[in-house]
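Inspection log for the structure reproduced underneath, given as structure tokens.
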Amino acid sequence: YYAVNEQITHELGAEMQYLAMSFWFERENLHGMANWFRKQAAEEHGHAMKIVGFMNEWDLPITLKSPPDPVTEFENPVAIFEAALAHEQKVTAEINTIFTMAREASIWHIEVAFQWFIAEQVEEEVNARDNLAKINMVGNNPAALLEFDRHLST
């Protein structure tokens, strides 16, 4: 159950990282991208709380640890979307490790619970890849950047 406990910290760390990305976009007056990353932060918080709920249902102790400090400075919007995709790929690997460990140890309740997270990570990686592709298309075109920003404002 150590890995499941650790995943709570990873999810809370992801929440902080996405908030830091959102704050960077706010400083750059790209409020749509800031909004999108705030939504991602809220999702990560929800994922952590979902795991907490499972741990409570399974009557297991929860050990909270502080996540690492988030990166707060970025070169440009592309670098942030690259970091977001890399982060989602890392989370996918963490979730897959927990799922595999549960399956190999025949801990079926964890395997079943983490099937949801596997499906969620597929969606998260698709969104991150899509946004990275779009921000790469923007290039050095300010009008395209503002249009993409507007697209992410909803």
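Find, among the chymotrypsin sites (Phe, Trp or Tyr not before Pro) in region 50-112, those assigned to loop by DSSP (not H, G, I, E, B) with at most 14 other beta-carbon atoms within 10 angstrom.
The qualifying sites are Trp58.
Going by alpha carbons, how many degrees (0 to 90, nearest 10) lie between the helix axis of 108-138 and the longest principal axis of the chain? For helix 108-138, the angle is close to 10 degrees. Highest mean packing comes first when the peptides 11-17, 27-33, 62-68 are listed by Cβ atoms within 10 Å, giving 11-17, 27-33, 62-68. Given a cut-off of under 8 Å on Cα pairs at least six residues apart, what relative contact order in percent is computed for the chain? That works out to 30 percent. Here region 6-26 is scanned for amide nitrogen atoms under 15 Å from the site 7 Å beyond the Cα of Lys134 along Cα-to-Cβ, giving none.
Quarter the surface of the alpha carbon convex hull of region 36-83 and you get the mean projected area, 4.3 square nanometres. Number of Lys-Lys pairs in the chain with C-alpha atoms under 20 Å apart and a separation of 8 or more places or on different chains: 6.
For region 109-154, the convex hull drawn through the C-alpha positions has a volume of 63 cubic angstrom per residue.
Every Cα-Cα pair of region 15-154 was included, and the share exceeding 17 Å stands at 64 percent. Suppose only helical runs count, i.e. DSSP H with n ≥ 4. What mean residue ellipticity at 222 nm does that imply for the chain under -39500 (n - 2.57) per run, divided by all residues and rounded to the nearest 500 deg cm²/dmol? That calculation yields -28000 deg cm²/dmol at 222 nm. In this calculation the C-beta distance from His31 to Trp116 is compared with R0 = 30 Å, giving a FRET efficiency of 0.45.
Laboratory data are not the source of any read-out in this text; all were calculated from the coordinates shown. Note that the coordinates shown come from a computational prediction; the quantities given were computed from them, not determined experimentally. We place every Cβ from the backbone using ideal geometry, glycine too, and count neighbours over all the protein chains shown.
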